[in-house]
Amino acid sequence: MDDQLVSRLLEIEKTYDDTEAELAEPELLADHDRYAQVSKRYSDLKVIVTGFHDLLAADQDAREAFELAEAETDDEMVRELRELGEERGREVERLTAHLRLSLVPKDPNDDKDVIIEVRAAAGGDEAAIWAGDLKRMYERYAERRAYATEPMDSSENEAGGFSRVTFAVKGEGAFSRFKYEAGVHRVQRVPKTESQGRVHTSTATVAVMPEVEAVEVDIDFNDVKVDVFRSSGPGGQSVNTTDSAVRLTYIPTGLVVICQDEKSQLQNKEKAFRVLRARLYQQQLEAQQAEQASSRRSQIGSGGRSEKIRTYNYKDNRVTDHRIGLTIKQLPQILEGDLDSFVDALTAEETAARLAGGD
């Protein structure tokens, strides 16, 4: 076995034992947030420690089988012992590879819920319709993963799409599955309004932000200007007779968040603060990762047609992810939320980069 790997696993086992002892402390139960954090750490470490014990057992079995084979005189027994040693040796290799992978640093936000913003970019009404198509695609994907979706805010377009739409996706590992969708999505198709049958190229931008608790982002309420107004639908017509819509302006940066989908001003305000926290947290991440190509701002860019992470071509029935050069000719299925092929490939790419020390 790899001595360096074993040494690292022994350190983790020590941390696991310390965490188990910490869970037994009576005062920990009184601190709900801390108890949840320690319990999560304990569960994560337990998986690794259990795998480590399985590895040690397999390695011992393999060595003992080969040692017994060396001392055995019966040919049939020698063969059986060597087969057992080889089988347990393969298990050692499998467990070693699995444990190496489990030690790759995880994105700390992977287990979080997400807030997704889809905005029409280049292409006018067709871009707004495309933004609506992307929203539907993500809702279908969430359904496939048994995640719950929650509308946050939207601004509908008269053509039937959205100039912007914001919604939350809730479920274990939601951020880990949706984070690769951040960026410019380009569509090439003949719009329904196109009488000459010409192919148009339009884009929409997608932002994916981990949803964070209030304790993770400290907002001074004196820094937030709160305005209320009547919500409105496409073309500006009133959809509510009370001042239920809420606009938050974060004074230090000028960041503006609007929520108007709920009939209750209180509900809109609560959702607006959730979005504000997510955006501020995302800005903190961007500041920390300013020089990494994976930051949200560099992915989204200006929304121009030439900037894209993925292209959806209706004529050729293909979807291409430009980051990894993967093309899948199943456009209808993908628009129905069959995104796992892309997400799995992007996850593997990120894991490989982390294993190589590239991230």
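The values are calculated or read from the model by the stated rules, or taken from the named source; none is laboratory data. On a predicted model such as this, the values are computed, not experimentally measured, just so you know. Glycine also receives a Cβ, built like all others from the backbone with ideal geometry; neighbour counts cover every protein chain displayed.
Restricting to segment 230-246, name every residue that is modelled with pLDDT under 90 and surrounded by 14 or more Cβ atoms within 10 Å (Cβ to Cβ).
SER231, SER232, GLY233, PRO234, VAL239, ASN240, SER244, ALA245, listed by residue number.
For ARG8, indicate whether it is more than 30 Å from GLY171 (Cα to Cα), touching a helix residue (DSSP H, G or I) at 6+ places or on another chain (Cβ under 6 Å), part of a helix (DSSP H, G or I) and basic (Lys, Arg).
no
Name the single residue that is farthest from GLU13 (Cα to Cα) among those in segment 50-91 being within 30 Å of the chain's Cα centre (by Cα) and touching a residue at least 40 places away in the same chain (Cβ under 8 Å).
Restricting to residues being within 30 Å of the chain's Cα centre (by Cα) and touching a residue at least 40 places away in the same chain (Cβ under 8 Å), the top hit is GLY51.
Just to verify a result, which residue in segment 135-177, among those that are hydrophobic (A, V, I, L, M, F, W, C) and in contact with a Phe, Trp or Tyr (Cβ under 9 Å, 6 or more places away or on another chain), is modelled with the lowest pLDDT?
MET152
Taking segment 183-224 as the search range and keeping residues that are touching a Leu at 6+ places or on another chain (Cβ under 7 Å) and in a strand (DSSP E or B), which one is modelled with the lowest pLDDT?
The selected residue is VAL224.
Condition test on THR249, is it under 30 Å from ALA142 (Cα atoms) and either under 27 Å from the mean Cα position of the chain (by Cα) or modelled with pLDDT of 75 or more (or both)?
no
Could you run through segment 176-191 and say how many residues are more than 26 Å from ASP316 (Cα to Cα) and crowded, with 22+ Cβ neighbours inside 10 Å?
2
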